[in-house]
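Before we start, here is the structure in question, set down as structure tokens.
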């Protein structure tokens, strides 16, 4: 006959089940831990990058990008609107100073030159005409003045005669007053003629001065055009290599259009750009490293553009070795601006193992075992990472990516 199970019995059975389950889980975890300690993961030595901790100079840097350009490059533009008549050299050729490169047509410039000369001759004729007109006007006024002076003398005599008649009773007051009035009018007319002569001289002088200015301006235009006509023979300003040339014979070019680029390929500079977040670190005189492939070239910042464009700052770098064989026009490279320097720091080569954190776990290679160790790091650059604590000089540090082994204390190295 079945008996009913009491609640106490049910509770004891549940407790017993929980205890057994907990014991089994504990045994499994313990066994797994012991197995993990007994069986260490391994990795092949050839797959690892290892750096020996050493003492040396430590340069902290910030990264930028740069492009190599000739230190000297001149752009020759067309002095006049013309046509390309003859091309004497092509891209890549070396030219000497003052050597002809191409020839522009002079035809349109010569026509403009003749037109300016004709206009200048017209202006000079105007001056002659003005001078003749002035002299004629002055001569006429001087003649009128002479006539007035003679008339005034005659009127003065008439006044004296009327005064004499009046004194002896042979004349009248009215006659004397009329003679005096005529004299006064004549004197005013003479003064008017004299003023007219002065005004005429001033006006003609101003006109001549204005024409003189115009002639001077035209003279300058003529000299400038003469110079441009001479410049239609395009010559190299210095020795260099032609990096670009408009070689289309017969093509029309406007004044100021590009014709030739000449560069000195024996001397180079670097134009670089960097995020404006590092604006305070980019100053003239700062040392930099320019990396072209596997080659590092040293230099310094020579100038910084004040304007920020699209969140970047542009600056120029003067290289210590301007003629290094690795330098080529428009070659792109990495630029590292040095922000600080330590002369005797413990350092290891930079690599994927370093995440940029101040503290992290790295693996130290000792014999056939790599052991995990927590280290504290300082400055870094593209080549080295500074070790502040946790690694001693001479120890071998694995710089490969070890992220998948971070849960282990040690790794077997084959």
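So what are the three principal axis dimensions of region 261-308 from its Cα atoms, in whole Å, longest to shortest?
Extents along the principal axes: 33, 30, 18 Å.
Give me the number: length gained by fully extending residue 371 to residue 150, i.e. 0.36 nm times residue separation minus the C-alpha to C-alpha distance, one decimal in nm.
Here the segment from residue 371 to residue 150 would lengthen by 66.4 nm.
To the nearest 0.05, how large is the calculated FRET efficiency for residue 403 and residue 295 if R₀ is 35 Å and r is the Cβ-Cβ distance?
0.65
Under a 10 Å cutoff between Cα atoms, tell me which one of 164, 65, 316 has the largest fluctuation in the Gaussian network model of the chain.
So, out of 164, 65, 316, the one fluctuating most is 164.
What distance in nm lies between label points placed 7 Å from Cα along the C-beta direction at residue 332 and residue 248?
Spacing of the two 7 Å Cα→Cβ label points: 2.9 nm.
Let me know the Rg and Dmax you get for region 177-312 when you use only its Cα atoms, in Å.
Rg then Dmax for region 177-312, in Å: 34.8, 117.
For the pair residue 137/residue 303, report the inter-label distance in nm, with labels modelled 7 Å from Cα in the Cβ direction.
Using points 7 Å along Cα→Cβ, the separation is 5.6 nm.
Another question, if that's okay. For a test of the definition: using alpha carbon positions, the gyration tensor, and the 1.5 limit on a/c, classify the chain as rounded, prolate or oblate.
Numbers: a/c = 4.91, a/b = 2.94, b/c = 1.67.
Judged from the Cα gyration tensor, the chain comes out prolate (a/c at least 1.5, a/b above b/c).
Starting from the Cα of residue 310, step 7 Å toward the Cβ, then list every residue of region 277-304 with an amide N under 18 Å from that point.
Counting backbone N atoms under 18 Å from the label point, the list is 277-278.
Take the eigenvalues of the Cα gyration tensor for region 211-277, scale each by 5, and report the square roots as semi-axes in whole Å, largest first.
Each semi-axis is the square root of five times an eigenvalue, giving 36, 20, 14 Å.
Further question: Given an 8 Å cut-off on Cα distances and at least 6 residues of separation, report the relative contact order of region 107-227 as a percent.
Relative contact order, region 107-227: 44 percent.
What angle, in degrees between 0 and 90 and rounded to the nearest 10, separates the Cα long axis of helix 7-38 from the longest principal axis of the Cα atoms of the chain?
Helix 7-38 and the main axis of the chain meet at about 70 degrees.
Given 0.36 nm per residue, what is the gain on full extension from residue 195 to residue 63 after removing their alpha carbon distance, in nm?
Between residue 195 and residue 63, full extension yields an extra 39.3 nm.
Hey, quick one: spin label on residue 123, modelled 7 Å out along Cα-Cβ, who in region 209-239 has an amide N within reach, i.e. under 11 Å?
Counting only backbone N, you get 210-223.
Which peptide among 43-52, 67-76, 177-186 comes first, and what is the full order, when sorted by highest mean count of other Cβ atoms within 10 Å?
67-76, 177-186, 43-52
Give me the log10 of I(q) over I(0) for region 292-414 at q = 0.12, 0.14, 0.17 Å⁻¹, as the Debye formula computes it from C-alpha points; what are the numbers?
For the requested q values the scattering log ratios are -0.65, -0.79, -0.95.
So what is Rg over Rh here for region 40-89, counting just Cα atoms and using Kirkwood for Rh?
Reported Rg/Rh, Kirkwood definition of Rh: 1.45.
What length, rounded to one decimal in nm, is gained on full extension from residue 181 through to residue 22, with 0.36 nm per residue of separation minus their alpha-carbon distance?
That works out to 42.4 nm of additional length.
Divide by every residue of the chain the summed helix terms, -39500 (n - 2.57) for each DSSP H run of at least 4, and state the resulting mean residue ellipticity at 222 nm, rounded to the nearest 500 deg cm²/dmol.
My calculation for the chain gives -14000 deg cm²/dmol from helical runs alone.
Now for a separate question. Would you mind computing Rg(Cα) / (2.2 N^0.38 Å) for region 107-227, counting N as its residues?
1.95
Can you give the relative contact order of region 248-375 as a percent, counting alpha carbon pairs under 8 Å and 6+ residues apart?
Computed value for region 248-375: 22 percent relative contact order.
Find the relative contact order for the chain and round it to a whole percent, using C-alpha pairs within less than 8 Å whose residues are 6+ positions apart.
Relative contact order for the chain comes out at 29 percent.
Bear in mind these aren't lab numbers, they're just calculated from the coordinates by the rules spelled out. A quick note: this is a predicted structure, and the numbers were derived from the prediction, not measured. Ideal geometry is used to build each Cβ from the backbone, glycine not excepted, and the neighbour counts take in all protein chains shown.
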